[in-house]
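Structure, as structure tokens:
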Amino acid sequence: ALAHTEDDLRRYHAKSGDPSGSCATVALVRGGVVWVANVGDSRAVLISDAADGGIACTQLSVEHRATAGGERTRIERAGGVVVDGRAMGNLIPSRTLGDFGVKAKNPEAVIMDPDIVRHD
């Protein structure tokens with residue numbers, strides 16, 4: 001679904017020149033399993049009843065920020081840069097949908113590849 005969205009945004013960008021982009025987090029719950037896919041600096045959190053009668057919050061995804069160790073390393077290995085905490089000197093998230101003006105500078109530095117995590 002995220003790859004199709006990126007393709008749709010690419011076609012829209014080609015027609016309109018709109019340089020904007022977005023982050024996305026999606027979840028699928030099926031058979032007691034939660035699948036979470038995310039691109040960018042949005043976060044999925046599961047809120048549930050805690051054993052002590054309160055609430056429990058469980059982080060289900062990790063934000064893709066240019067300053068995060070693994071993301072910074074990935075960007076730099078791809079020949080990109082992180083300047084003032086921004087990928088290619090422009091974006092705080094290191095993975096986005098759209099943002100083709102930034103991606104044109106180095107398509108391997110800012111990517112749309114989601115992390116996909118299974119939670120049982």
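Rounded to a whole number, what % of the accessible area of the chain do carbon and sulfur atoms account for, probe 1.4 Å? Walk me through the numbers before you get to the answer.
Details: 3790 of 7130 Å².
Ligands and nucleic acids excluded, carbon and sulfur reach 53 percent.
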For the chain, what does the convex hull of the Cα positions come to per residue, in cubic angstrom? 119 Å³
Neighbour-limited loop hits for trypsin sites (Lys or Arg not before Pro), segment 22-120 (at most 15 other Cβ within 10 Å; DSSP other than H, G, I, E, B): ARG43
Cα axis of helix 2-16 to longest principal axis of the chain: angle in degrees, 0 to 90, nearest 10? 30 degrees
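Restricting to the chain, compute how many DSSP beta bridges are antiparallel as a %, nearest 5. Intermediate results must be reported in sequence, preceding the final value.
Details: 23 of 24 bridges.
Among the beta bridges of the chain, antiparallel pairing accounts for roughly 95 percent.
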Using a 1.4 angstrom probe on the protein heavy atoms only, could you order THR5, THR96 from most to least accessible area? THR5, THR96
Taking only protein heavy atoms into account and a 1.4 Å probe, give the accessible area per residue of the chain in Å². 59 Å²
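Nearest 500 deg cm²/dmol is fine: what mean residue ellipticity at 222 nm does the chain get from its DSSP H runs of n ≥ 4 alone, each adding -39,500 (n - 2.57), divided by its residue count? Working shown, then result.
Working: 3 runs with 30 residues, N = 120.
Value at 222 nm, helices only: -7500 deg cm²/dmol.
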Here segment 24-29 yields Karplus 3J(HN,Hα) values (6.51, -1.76, 1.60; θ = phi - 60°; whole Hz; Gly and Pro given as x) of 8, 9, 10, 9, 10, 10
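The values are calculated or read from the model by the stated rules, or taken from the named source; none is laboratory data. These figures come from a predicted structure and were not determined experimentally. Neighbour counts are summed over all protein chains in view; Cβ atoms, including those assigned to glycine, are modelled from backbone coordinates with ideal geometry. What goes into the accessible areas is simple: the full protein's heavy atoms, side chains included, and nothing from ligands, DNA or RNA. Shrake-Rupley method; radii C 1.70, N 1.55, O 1.52, S 1.80 Å.
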